[in-house]
């Protein structure tokens, strides 16, 4: 035990107030008199107890071991809460090496640590199964769900939940919350139904969890109303957290009538409820209603929060009563750095120069600015103030702060001072932090300096997913697709989860090389990570990949599965249909797009005209071209005229092609003349 005491003395400096640690340092004779200990034998009034002097050495050693085990578990959990996962793991390894068996509480502390990697988590899972802790109760299994969910390993999440022998209500709620927050809406609903069928009593957390997954679709609104009815039936309609979640669902589904009705009917409201309603009203274009609600909130004695202040500034800007926002801040009795920063954030969000004035006032009043103060004001600072702010940041010692440094580089970039933004690479003595490196590498990519972007990010010890995306994008833009695929494979092997931007860059390589096999495999991975239906831009890339690889059926399937189709979605499908010889279907889709209320832009017209050219649909093309001319807001480009001239000339309508050339508002280019002359030669004209 002497060795473990020396380990304690080195590790427990930050936790000098831990009473458990002090107890573990005491001698066995000091430990025995603790009456609260179940192994204590100090009571002498009963004939069935042992006197203190008869306490065996084995019992006292057992008690010492138990308290030392508890002390180790307490320290491990404390390190985990502070995010010191390496220290926690070292102490856990020492605990096992000295012969102490970890309890479920030891494993829960480690598994719940946000910074625990998947490899160590898998080791803990194996240990819990071997020691029987996984089967003993639901604690370890529930913590494992959180670990796998944080890392996005959904197969492991589902299998862990399925094979848990014991599931508590917390387990069910945690699983539903994980699914809901990560887009598994249908799975979350099914799990809630299973929970109800078990007959287990629901809690407020059950309703919060199932409501967290509902977004903004009509079926989600209908389901939210059903959950609302169940809440009333189970008498949870007065629980504030569940009510706030329900209000958020109605807000996301844009059912403001239900929001206002629910808000009026509920007698219990907190500041979160008011903030949710006000934010929905101001975003819905009702600033006056927001103002009335804010005044009502203040009259009831509720203290505004940071979120409240941001909403106040937003509706004051809409109503052109900026002075009111300042007066609201002035009425706050306990002004602090947080309230000032929040007011600056509000003005920065509306790109107001008042943010600079507020920062100056803070300095005059003697406030010490922090990283949030600078980051907020840099968001809307003009060129005239930017260099002064930069000097102030250096003077106050915030230049090395990652948050401030990133905001400063972004501010230079937004103001068009690209060279000043890039100068941070040379000026910074050490390597730049991850976020700042990502910003500058993004600038390099936009300037087509791909190798500079790759060189900068290669210096990072722990690049994040954005860093990987920038490097993969740089190789893709430089047409080095072998490196794109190799990097993606390496990224996947290091357990860094790709996002939609990663997939878009890699899929562009599949499109360029016509690698349908690899593109289909990537699509399967997209579905597995649950990104496909919710990311419109990724869906557009998939339609384009399948279309250019000749798999039009898959293009159509992806198109139908995209929940929120935009103009690019329709244009991509129209192009894909035309490329694969479905010219008539392409025109039909163009008409469907117009019927949906979308106004075609120049790219959409070019796509459908190109489809007509591929399929020889002269009449349809003439109708669409006439439609373009009739649209006063549409500017016809050389490409539109070239497509029409080429279509008409190659179909023997030389005179019509000549008329279109004569009607051009600008001189024909080389491509137009070449197409026209080739057709006249072929027709012997």
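If you go through the range 125-152 and pick out every residue that is more than 19 Å from residue 213 (Cβ to Cβ) and either touching a strand residue (DSSP E or B) at 6+ places or on another chain (Cβ under 7 Å) or in a loop (DSSP other than H, G, I, E, B) (or both), you end up with 4.
In this structure, residue 519 qualifies as more than 23 Å from residue 605 (Cα to Cα) and either modelled with pLDDT of 95 or more or buried (at least 21 other Cβ atoms within 10 Å of the Cβ) (or both). Among residues of the range 424-444 being touching a helix residue (DSSP H, G or I) at 6+ places or on another chain (Cβ under 9 Å) and outside any helix (DSSP H, G or I), the one that is farthest from residue 400 (Cα to Cα) is 431.
Among the residues of the range 459-489, those that are part of a loop (DSSP other than H, G, I, E, B) and out of contact with any helix residue (DSSP H, G or I) (no Cβ under 8 Å at 6 or more places or on another chain) comprise 461, 480.
Total residues in the range 278-287 satisfying the condition of being under 17 Å from residue 304 (Cα atoms) and either surrounded by fewer than 21 Cβ atoms within 10 Å (Cβ to Cβ) or modelled with pLDDT of 80 or more (or both): the figure is 2. Residues in the range 188-223 that are surrounded by fewer than 22 Cβ atoms within 10 Å (Cβ to Cβ), part of a loop (DSSP other than H, G, I, E, B) and touching a helix residue (DSSP H, G or I) at 6+ places or on another chain (Cβ under 8 Å) were compared, and the one that is modelled with the lowest pLDDT is 216. Among all residues of the range 288-301, there is none that is surrounded by 11 or more Cβ atoms within 10 Å (Cβ to Cβ), at pLDDT 75 or above and not in a helix (DSSP H, G or I).
Residues in the range 651-681 that are exposed (fewer than 12 other Cβ atoms within 10 Å of the Cβ) and in contact (Cβ under 8 Å) with a residue 12 or more places away in the chain: 665, 666.
Among the listed residues 307, 376, 330, which satisfies the condition of being farther than 24 Å from residue 280 by Cα and either modelled with pLDDT under 75 or under 32 Å from the mean Cα position of the chain (by Cα) (or both)?
Sole residue among the options that is farther than 24 Å from residue 280 by Cα and either modelled with pLDDT under 75 or under 32 Å from the mean Cα position of the chain (by Cα) (or both): 330.
Residues in the range 491-514 that are assigned to a loop (DSSP other than H, G, I, E, B), on the phi < 0 side of the Ramachandran plot and either surrounded by 19 or more Cβ atoms within 10 Å (Cβ to Cβ) or touching a residue at least 40 places away in the same chain (Cβ under 8 Å) (or both): 497, 498.
Here's the yes/no breakdown for (1) assigned to a helix (DSSP H, G or I); (2) at pLDDT 80 or above; (3) surrounded by 16 or more Cβ atoms within 10 Å (Cβ to Cβ):
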site: 58; (1), (2), (3): yes, no, no
site: 62; (1), (2), (3): yes, no, no
site: 75; (1), (2), (3): yes, yes, yes
site: 80; (1), (2), (3): yes, yes, yes
site: 88; (1), (2), (3): yes, yes, yes
site: 91; (1), (2), (3): yes, yes, yes
site: 100; (1), (2), (3): no, no, yes
site: 107; (1), (2), (3): yes, yes, yes
site: 122; (1), (2), (3): yes, yes, no
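Go through the residues of the range 168-187 one by one and say whether even a single one is in contact with a helix residue (DSSP H, G or I) (Cβ under 6 Å, 6 or more places away or on another chain), over 24 Å from residue 498 (Cα atoms) and free of Cβ contacts under 8 Å to residues at least 24 places away in the same chain. No, that holds for no residue.
The values are calculated or read from the model by the stated rules, or taken from the named source; none is laboratory data. Please read all numbers here as calculations on a predicted model, not as lab measurements. So basically every Cβ, Gly included, is an ideal-geometry build from the backbone, and we count neighbours across all protein chains shown.
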